[in-house]
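First up is the structure itself, then whatever we jot down about it.
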Amino acid sequence: MEGERMGVFENISIPGHEMVSFFQDKTIGLKSIIAVHNSTLGPTCGGLRIWPYESEEAALKDVLNLSKAMTYKSAMAGLELGGGKGVILLNKNQSKTEELIKSYGRFVDTLGGKYITTTDVGSDVNDLQWISEETKHVVGLPVNQGGSGDTSIMTGLGVYLGMKACANHIWGTDSLSGKTVAFQGFGKVAKQAAIHLVKEGVNIIATDIDDFKLKQASELGAQIVGVSEIYDAKSDIFSPCALGGTINSNTIPRLSAQIIAGGANNQLESDEMCALLSEAGIIYAPDYVINAGGIINASCEIGAEYSELKSREKTERIFDITSNILKISDDQKISTVEACNKIVLEKLSN
């Protein structure tokens with residue numbers, strides 16, 4: 001008898017995910033991946049990321065990481081949703097078009113509600129309107145169309161509240177007046193968080209590769225620094241609000257901040273960074289906890305008429321959720337990431 005053969009499903013499966021679907025529409029140049037991580041708590045929901053990835057492998061890695069983060073994000077926020085994510089791979093000189101987005105919408109529809117899509121990096125409300133012409137499995141549409149509107153408003157609020165919870169934990173007060181926050185990336189989420197911070201008398205430092213976003217930061221009174229200089233800027237809170245993986249063994253020693261709290265997904269290069277942060281005396285607010293305002297907002301239009309008040313009330317719970325994680329971390333002498341993992345795994349096993 002020949003050696004044991006690997007079964008077909010073992011061969012094609014991606015450990016830890018329920019389903020990973022690949023779609024190609026050669027007529028318009030669409031290459032897309034949708035990853036469904038875990039639907040234990042409900043249908044999966046996550047944004048569409050449109051990006052010129054270096055490779056198909058890089059796109060796959062991103063969608064797998066992001067969909068898992070969405071499972072954890074929804075679970076920690078107490079939502080009846082699982083984690084999913086969609087990506088569109090752009091070629092170097094390719095731009096998104098109405099035909100491209102509508103084709104993605106048809107792809108989403110083939111999954112029959114297993115995955116509900118919304119916005120992420122590279123996609124916006126106009127894209128969602130095109131998608132909605134092809135599938136009903138979309139959230140985040142304008143309020144005047146029965147949707148929940150701009151997700152960055154609640155996401156920014158959650159990031160701000162996460163910062164305040166961390167401040168209360170280490171400084172004994174949730175007041176941030178007089179503190180300095182350094183934003184790595186100043187997109188819509190960072191801007192919304194900064195609006196709250198400026199009202200509280202916080203000093204803002206910002207960097208971004210987009211001059212328009214830097215102009216918006218300047219209008220809020222931010223000090224502008226170079227992209228590579230942000231790690232060395234003297235601050236109390238470092239807020240990653242661009243792409244992931246920027247908290248690593250090279251950047252951690254450069255930080256003066258005592259808190260890392262930002263809106264970007266997958267900020268840590270790996271979970272091993274938790275040990276380095278602990279050694280440096282830096283508290284890390286898990287990204288998928290404090291940046292959950294967007295998915296909370298979108299969840300409030302699933303199966304019911306959207307209510308901004310309900311969305312805000314749920315988002316404001318991020319302060320208490322973050323405070324609880326910090327307490328568990330201290331009491332059990334584990335990282336904040338490990339504390340979150342324990343909570344999520346318990347929820348998914350029930």
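The values are calculated or read from the model by the stated rules, or taken from the named source; none is laboratory data. Note that the coordinates shown come from a computational prediction; the quantities given were computed from them, not determined experimentally. FYI the Cβ positions are ideal-geometry reconstructions off the backbone, even for glycines, and counts take in every protein chain you see. Just the protein is used for accessible areas: all its heavy atoms, side chains included, with ligands, DNA and RNA removed. Shrake-Rupley method; radii C 1.70, N 1.55, O 1.52, S 1.80 Å.
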With eigenvalues of the C-alpha gyration tensor scaled by 5 and rooted, the stretch 25-97, Å: 26, 11, 9
Per residue, the convex hull volume that the Cα atoms of the chain enclose (Å³): 165 Å³
Relative pair counts by distance (%), Cα atoms of the stretch 291-341, 5 Å bins: 5, 20, 21, 16, 13, 12, 8, 4, 1
Peptides ranked, highest mean first, by Cβ atoms within 10 Å: ranges 189-200, 70-81: 70-81, 189-200
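In the chain, what % of DSSP beta bridges are antiparallel (nearest 5)?
Values: 13 of 41 bridges.
Antiparallel bridges make up about 30 percent of those DSSP assigns within the chain.
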1.4 Å probe accessible area per residue over the chain, in Å²: 46 Å²
Rounded D (µm²/s) - the stretch 234-298, Kirkwood Rh over Cα pairs, Stokes-Einstein at 10 °C, 1.306 mPa s: 133 µm²/s
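Given a 1.4 angstrom probe, I'd like the percentage of the accessible area of the chain that is carbon and sulfur, rounded to a whole number.
Values: 8060 of 16260 Å².
Solvent-exposed carbon and sulfur of the chain make up 50 percent of the total.
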Under-5 Å amide H pairs with residue 116, H placed in peptide plane, nonlocal only: 44, 45, 46
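With the Cα gyration tensor of the stretch 125-245 in hand, give its eigenvalues times 5 under a square root as the equivalent ellipsoid semi-axes, listed largest first in whole angstrom.
Numbers: eigenvalues 176, 63, 30 Å².
After diagonalising the Cα gyration tensor, the semi-axes are 30, 18, 12 Å.
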Highest-fluctuation residue, 132, 21, 335 considered, GNM on the chain with Cα pairs under 10 Å: 21
Fraction of alpha-carbon pairs over 15 Å apart in the stretch 108-156 - percent: 42 percent
Ranked packing of 242-250, 321-329, most packed first, by mean Cβ within 10 Å: 321-329, 242-250
